[in-house]
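Participant: Got a structure here, written out as structure tokens. Questions coming.
The values are calculated or read from the model by the stated rules, or taken from the named source; none is laboratory data. What you see is a predicted model, and the numbers here were worked out from it, not measured in a lab. Cβ placement follows ideal geometry from the backbone for every residue including glycine, while neighbour counts extend to all protein chains displayed. Each accessible area value is taken on the protein alone, full model and side chains, heavy atoms only, with ligands, DNA and RNA left out. Shrake-Rupley method; radii C 1.70, N 1.55, O 1.52, S 1.80 Å.
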Amino acid sequence: PFMIFQLPKWTGAHYTLDNLRASCANPNVVGVKIVTWDTDEFESTARMLHALPHRPRAYTGNDTTFLYNFLDGADGTLLGYNNVALEIVIAMYDAVQSGDFLAAMDLQRRQEPLARILFAEPPMLYRSRYKYAAAHQGRFPNPRMRAPLPDVNDRDAEVIRRALAAADLLVPVPA
């Protein structure tokens with residue numbers, strides 16, 4: 001089985017819908033990770049995939065818009081965000097699949113502050129922010145980064161801890 005990554009147009013490594021359809025016609029292609037913040041593009045790509053005879057899956061790669069992608073037909077996710085908020089992402093997907101859109105919106109509101117800080121400007125720091133969040137969930141022994149990546153600054157650290165707590169994802173970590 002093979003996956004194709006559909007990257008954003010601005011990367012220059014973006015397939016046209018026709019090229020993607022041709023590649024996905026191969027039954028060994030089981031899914032596409034669609035990375036776009038254009039909801040119309042996501043929906044048209046997901047519809048194209050679902051219309052193919054072997055129905056490759058449409059996975060969202062959008063860490064900040066996955067609720068909208070679930071509503072547009074995403075079959076799941078391939079997100080870095082799953083590393084820190086998997087329980088919420090799965091619950092949101094399940095809520096959309098069962099038609100409980102109020103629950104999905106509640107989960108969106110619960111996780112949104114965390115997604116906002118993890119993907120705040122500058123975007124090159126998202127790895128540091130992820131590790132900091134994961135360390136405060138007991139998933140890493142410490143939040144320190146190896147060079148050349150910087151550690152999270154004090155302001156971001158406080159915002160991440162508050163967002164984890166608000167999302168009920170903060171795990172007390174011994175000092």
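Participant: Could you grab me the full set of residues in region 16-47 that are in a loop (DSSP other than H, G, I, E, B) and over 16 Å from residue 61 (Cα atoms)?
Facilitator: Selection gives 16, 25, 26, 27, 28.
Participant: Of everything in region 117-129, what is outside any loop (DSSP other than H, G, I, E, B) and open to solvent by less than 30 Å² (accessible area, probe 1.4 Å)? Give them in sequence order.
Facilitator: Once the filter is applied, which keeps residues that are outside any loop (DSSP other than H, G, I, E, B) and open to solvent by less than 30 Å² (accessible area, probe 1.4 Å), region 117-129 yields 117, 118, 128, 129.
Participant: Looking only at residues that are assigned to a loop (DSSP other than H, G, I, E, B) and of a type in the set (Gly, Ala, Ser) in region 136-163, which one is nearest to residue 126 (Cα to Cα)?
Facilitator: 147
Participant: Take residue 58 and tell me if it is more than 26 Å from residue 162 (Cβ to Cβ), buried (at least 19 other Cβ atoms within 10 Å of the Cβ) and among the small types (Gly, Ala, Ser).
Facilitator: yes
Participant: Among the numbered conditions (1) open to solvent by less than 30 Å² (accessible area, probe 1.4 Å); (2) touching a residue at least 40 places away in the same chain (Cβ under 8 Å); (3) within 23 Å of residue 155 (Cβ to Cβ), tell me where residue 113 comes up short.
Facilitator: Checking residue 113 against (1) open to solvent by less than 30 Å² (accessible area, probe 1.4 Å); (2) touching a residue at least 40 places away in the same chain (Cβ under 8 Å); (3) within 23 Å of residue 155 (Cβ to Cβ), the one that fails is (1).
Participant: So, in region 74-112, exactly how many residues are part of a helix (DSSP H, G or I) and more than 10 Å from the chain's Cα centre (by Cα)?
Facilitator: Result for region 74-112: 23.
Participant: Pick from region 71-88 the residues that are of a type in the set (A, V, I, L, M, F, W, C) and out of contact with any Gly (no Cβ under 9 Å at 6 or more places or on another chain): which of them is surrounded by the most Cβ atoms within 10 Å (Cβ to Cβ)?
Facilitator: So the residue we want is 84.
Participant: Enumerate the pairs (first residue in region 160-172 and closer than 13 Å to residue 132 by Cα; second residue anywhere and charged (D, E, K, R)) with beta-carbon separation below 7 Å, excluding pairs fewer than 6 apart on the same chain, so at least 6 apart or on different chains.
Facilitator: 160/129; 170/161
Participant: Check region 147-168 and report whether any residue there is under 17 Å from the mean Cα position of the chain (by Cα), surrounded by fewer than 12 Cβ atoms within 10 Å (Cβ to Cβ) and not aliphatic (A, V, I, L, M).
Facilitator: No, that holds for no residue.
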